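Presented below is the structure to which this report refers.
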Amino acid sequence: MTLSPYPVVRLKPKAQATRAVRHGFPWIYDNELVTDRRSRSLAPGTIAVLEDAERTPLALVAVNPGSRIMARVLDRDSRARIDEGWLRARLVRALALRERLYDAPFYRLVHAEADGLPGVVIDRFGDIAVIQPNAAWADVHLPALVAALTEVTGVSTVLKNAGGRARGLEGLDDVSRVEIGTAPGAPVAVPMNGALYMADLEGGQKTGLFFDQRPNHAFAAGLSRGAKVLDVFSHVGGFALAALAGGAASALAVDGSAPALTLAEEGARRSGLEARFATRRGDAFDVLAALAEEGARFDVVICDPPAFAPSKKALEAGLRAYERVARMAAVLVEEGGFLGLCSCSHAADLGKFRGACVRGIGRAGREGQLVHTGFAGPDHPLHPQLAESGYLKALFFRL
């Protein structure tokens, strides 16, 4: 038998994780592993063989002693070797799915655990890829990952985005940089749902654009023919531009960020939609209240706020915020019009989020039929064992 080049970490006797890992669960928490001086001294990102309490190998894992998720499953075959060839094979598989789904190279290429690359997010913008290595092992293997990425996809520029909460939880730096190629130096035009969106890949939120809402934008666009549309928390024009491309009579985009609204206006101009597009900058709750005071009414209102419940600790406050959004938005919807409400909080599951929305609609004195429930697009596949990978919910009500 060939000895593994990797150190060993072992599950505690009777650890529930033993069965969970065998059934495909990709995480092992720090309280499920035997932690001694040796395991605690492993460098963050170390590859190790995971054994059960009887010393039977279960998987290859990436270890980070400083993280609550102390080990992440990389390969169920404990004899595998994590090298550029292994990374290349995972990327080839991820690319094959996206090329089946989309006819243009604008999509999420890698969605972390669901694509077999734990903690790794890669969004593709034509010839540019933006990578978020949100786990220590990916940070350690970043040069090999970038080399494999350029070989498999042919992109000429790879940007590392180090923003976001996940890297902090892993004890990683927040330094973003150009890994290979040349920074774009200007926003990049991204075609989606008949409109052009402007993505700031260097200074924008996350990787610069939210591909996950693409099918929900399309559904809203289908409701918006001839309609007066309000898009709250619009970012770079998300629902508004798709609605206009789908034939909306007008769209008003509301956001707190002036740079995001400037990008939305540029997207509208490049899409030939600027005559029917307007923006309003301000706190979303303040603007919703002001619109109600002005007696404004819309045929379609969509609210896509940031994660109000990013953790279990924030769940109750987050649900109250979602209820408030629903209440304030519902009063702006014309009789027989549509209200779209979204959540990207994985801590608020579909049932809890739907409950908060229904309460808010009721508190506004309105009644609603739930006509559609949407999720992230298929370039954001779910890991069947990991509820967190199904974070996005979009509910459309007819009021």
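On C-alpha positions alone, give me the angle between the axis of helix 315-330 and the longest principal axis of the chain, in degrees, nearest 10. Orientation of helix 315-330: about 20 degrees from the principal axis. Over all Cα atoms in segment 288-399, the spread is summed up by Rg and Dmax: 14.1, 48 Å. With a 1.4 Å probe rolled over the protein heavy atoms of all chains, the accessible area of Glu323, Glu99 falls in the order Glu99, Glu323, largest first. The Kirkwood radius of the chain, taken over pairs of alpha-carbon atoms, gives through the Stokes-Einstein law at 4 °C and 1.567 mPa s a diffusion coefficient of 58 µm² s⁻¹. Dividing the Cα radius of gyration of segment 195-340 by 2.2 N^0.38 Å, with N the residue count, gives 1.00.
Counting only protein heavy atoms and using a 1.4 Å probe, the accessible area of Val178 comes to about 60 Å².
Within the chain, antiparallel bridges make up roughly 65 percent of the DSSP beta bridges whose residues both belong there. Could you state the angle between the C-alpha long axis of helix 284-293 and the longest principal axis of the C-alpha atoms of the chain, as a value from 0 to 90 degrees rounded to the nearest 10? Tilt of helix 284-293: around 20 degrees. Put +1 on the Cβ of every Lys and Arg and -1 on every Asp and Glu Cβ in segment 269-335; which of Ala284, Phe298, Ala330 then has its Cα farthest towards the positive end of the dipole? Ranked along the dipole, the leading option is Ala284. Taking only Cα atoms, what is the 0 to 90° angle, nearest 10, from helix 84-101's long axis to the longest principal axis of the chain? Once rounded, the angle reads 30 degrees. Counted by Cβ distance under 15 Å from Pro105, the other residues give a net charge of 0, where Lys and Arg count +1 and Asp and Glu count -1. Each residue of segment 33-48 is assigned a 3J(HN,Hα), and the resulting list reads 9, 5, 10, 10, 4, 5, 5, 5, 8, 5, 5, x, x, 4, 8, 9 Hz, derived from the Karplus form 6.51 cos²θ - 1.76 cosθ + 1.60 (θ = phi - 60°), x at Gly and Pro. Over segment 10-56, the Kirkwood radius and the radius of gyration, each from Cα atoms, give a ratio Rg/Rh of 0.94. The residue list Pro184, Leu60, Phe308 was ranked by how far each Cα lies along the charge dipole of the chain toward its positive end, using unit charges on Cβ atoms, and Leu60 comes out on top. Would you please classify the overall shape of segment 47-153 from the alpha carbon gyration tensor, given that a ≥ b ≥ c denote the square roots of the eigenvalues, rounded means a/c under 1.5, and beyond that prolate means a/b larger than b/c while oblate covers the rest? Prolate, because a/c is 1.5 or more and a/b exceeds b/c. Give me log10 I(q)/I(0) at q = 0.14 Å⁻¹ for segment 305-351, Debye formula, one equal scatterer per alpha-carbon, no solvent. So the normalised log intensities are -0.36.
Net charge dipole, the chain: roughly 1040 debye, given to the nearest 20, about the Cα centre with Cβ charges of +1 for Lys and Arg and -1 for Asp and Glu.
How high is the relative contact order of the chain, given as a whole-number percent (alpha carbon pairs under 8 Å, six or more residues apart)? Relative contact order for the chain comes out at 11 percent.
The loop-placed GluC sites (Glu not before Pro) in segment 1-66, going by DSSP, that have at most 16 neighbouring Cβ atoms within 10 Å of their Cβ come out as Glu54. Largest first, the residues Trp137, Trp86 sort by 1.4 Å accessible area into Trp86, Trp137. Across segment 1-112, the convex hull enclosing all Cα atoms gives 128 Å³ per residue. Among Pro133, Ala166, Pro118, flag the residue with its Cα farthest along the positive direction of the charge dipole of segment 113-168, charges on Cβ as +1 for Lys/Arg and -1 for Asp/Glu. Positive-most Cα among the choices belongs to Ala166.
For segment 91-189, the equivalent ellipsoid derived from the Cα gyration tensor has semi-axes of 20, 16, 12 Å, listed largest first. With the convex hull of its Cα atoms as the shape, segment 265-348 has an orientation-averaged projected area of 6.8 nm². Extension gain for Ser257-Ser156 works out to 33.3 nm (0.36 nm per residue, less the C-alpha to C-alpha distance).
Here the label points at Arg363 and Ser4, each 7 Å from Cα along the C-beta direction, are separated by 5.1 nm in the simple model.
With K and R counted +1 and D and E -1, the other residues having a Cβ less than 14 Å from that of Gly256 yield a net charge of -3. In the structure shown, the pairs Lys313/Lys352; Lys206/Lys313; Lys352/Lys393; Lys14/Lys313 are assessed against 21 Å; a Cα-Cα span above that value is assigned to Lys206/Lys313; Lys14/Lys313. Once the Cβ-Cβ distance of Arg55 and Lys206 is raised to the sixth power relative to R0 = 35 Å, the FRET efficiency obtained is 0.25.
Mark the label point 7 Å from the Cα of Glu294 along Cα→Cβ and return the residues of segment 225-250 whose backbone N is within less than 15 Å of it. Within reach of a label on Glu294, which here means backbone N under 15 Å from a point 7 Å along Cα→Cβ, segment 225-250 contributes 228-233, 250.
The values are calculated or read from the model by the stated rules, or taken from the named source; none is laboratory data. Please read all numbers here as calculations on a predicted model, not as lab measurements. Counting neighbours? That spans all protein chains shown, and the Cβs are built from the backbone with ideal geometry, glycine included. Just so you know, the surface numbers come from the protein's heavy atoms only, side chains and all, with ligands and any DNA or RNA stripped out. Shrake-Rupley method; radii C 1.70, N 1.55, O 1.52, S 1.80 Å.
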